[in-house]
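What follows is a set of notes on a single structure, which appears directly below.
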Amino acid sequence: MMNRRHFICSASATLAAIGLSPLAALGAPNTASRKLIIVFVQGGWDPTRVFADGFDHDGVDMEEGAERSEAGNIPYIAHIDRPSVSAFMHANHQRMLILNGVMVRAIAHELCTTIALTGDTSGLSADWAAIAGHAESDAYTLPHLVLGGPNFAGELGTAVARTGSNGQLEGLLSGDILKLADGTPGSLLPRPAQGIIDRYINRRAQARALSASAGMDANLAAAFLEANRRATALQDYRHVMDFTATTDLRTQASVGVNALSLGLSRCVTMGHSGGGINGWDTHSENDDQQGPMWENLFGGLTQLMALLEDTPGTEAATLAKETTVMVLSEMGRTPALNANLGKDHWPFTSAMLLGDGLSTDRVVGGFGDGWMGETIDFNSGGVSDSGRILSIESVGATVLAHMGLDPGEHVTGTEPISGLLI
């Protein structure tokens, strides 16, 4: 079945082929059509490498060769060994929002990751992308597609799917997953036979949902029916896109943008591990390790933004016009180097947002005395002694509000930073 998004993509291709401007009459996207990409940097980045200026702070060890620079109204830290960072800043500052001094409340990787993505410590809550995807789940086959990094589905598991680091999702769709069972090649049944089986399972799932008792039994039966519906619909996509994504951010960007452009997903999560044994968790030789990882990260982000710019949106001229990109890590790193020339865990960090509908080309917050986060006025986003702490929960709440949702239904103890929304 061709839904509105499939029609728009097909119509756009036709218009482009005859020399007309596709999607020119569609206008700016509304909040329901906004899409979200989360790029999660796993291990804890050092904000002084790019986002945070610590040159005038006592006790902050800045990198040798680093220097202050500025792209538009955004100051940042440049280095001769990181040309991709400077190029990205200058190309994207007009749609960029940097948040400095963001508090994550912990210094343990697992706990910080949970807080950063859900605003909760239990691990039972859904993350920002799962919530946003589920809110428009009727319009998407895979509302939240996870290509890399951590994710938390909570009770929204039917709206979330991982591609798998070894192409598991692609294997399920092609039948090659059977090779993992006994080593022999597998294949799907002919389409007519598969259709008969799909219809039979769907009828059984419907009957089970109708006969289920209240409570958990009803919830599980309804979830199975919904999962079965999505699995059947997903088969139509296996001939139009490749779900294979590696740990490389550039590859993930290609798959993720394709999923958004086809109307398959509303939200995509990608991961950047940094490579190596410990990746971004640089307890030793911080300066030697994080520099190349920042360069690689921003090279991948450059590819991602270029793809969004070059791909027609579902309701706007390009995906860049209707997609918000959130880049974050679960924690920061200590201001000073340790005895091994590394930096340890720190509960204040930075984050980056890119997209329309945000108050961009600016830096919000900062690092104050003791390299702790400064408080801000939520109405303006400006630093204020009478303001409130810039927490990762408030950043998540702001993203949910930006996506057209009521954050109060999903995260407690905070509210959106209204000064960042336009």
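What follows is calculated from the coordinates using simple rules that are stated; it is not laboratory data. Small disclaimer: the values here were computed from a predicted structure and weren't measured. Because the Cβ atoms are built from the backbone with ideal geometry, glycine has one as well, and the counts that use them run over all protein chains shown.
Quick notes
- Computed E for Ile201/Asn379 - FRET, C-beta separation, R0 60 angstrom, nearest 0.05: 0.70
- Calculated mean residue ellipticity at 222 nm for the chain: -11000 deg cm²/dmol, from DSSP H runs with n ≥ 4 weighted as -39500 (n - 2.57), summed, divided by the residue count and rounded to 500.
- With the convex hull drawn around the C-alpha atoms of the chain, the volume per residue stands at 160 Å³.
- Were the residues from Thr121 through Ser213 laid out at 0.36 nm apart, the gain over their Cα-Cα distance would be 30.0 nm.
- Going from the residue with the fewest nearby Cβ atoms within 10 Å to the one with the most, Met62, Met241 rank Met241, Met62.
- Pair Glu415, Asn338: separation of 7 Å Cα→Cβ label points (nm): 4.0 nm
- Of Tyr140, Tyr237, the sequence from fewest to most neighbouring Cβ atoms within 10 angstrom is Tyr237, Tyr140.
- C-alpha long axis of helix 392-402 to longest principal axis of the chain, angle in °: 50 degrees
- Pairwise Cα distances in region 335-422 exceed 16 Å in 58 percent of cases.
- Most mobile listed residue (Gly381, Gly44, Gly256) in the chain, GNM with C-alpha springs under 10 Å: Gly381
- Under the Karplus curve 6.51 cos²θ - 1.76 cosθ + 1.60, θ = phi - 60°, whole-Hz ³J(HN,Hα) for region 122-133, x wherever Gly or Pro sits: 7, x, 9, 8, 6, 7, 4, 5, 5, 5, 5, x
- Of the beta bridges in the chain, as assigned by DSSP with both residues counted there, near 50 percent are antiparallel.
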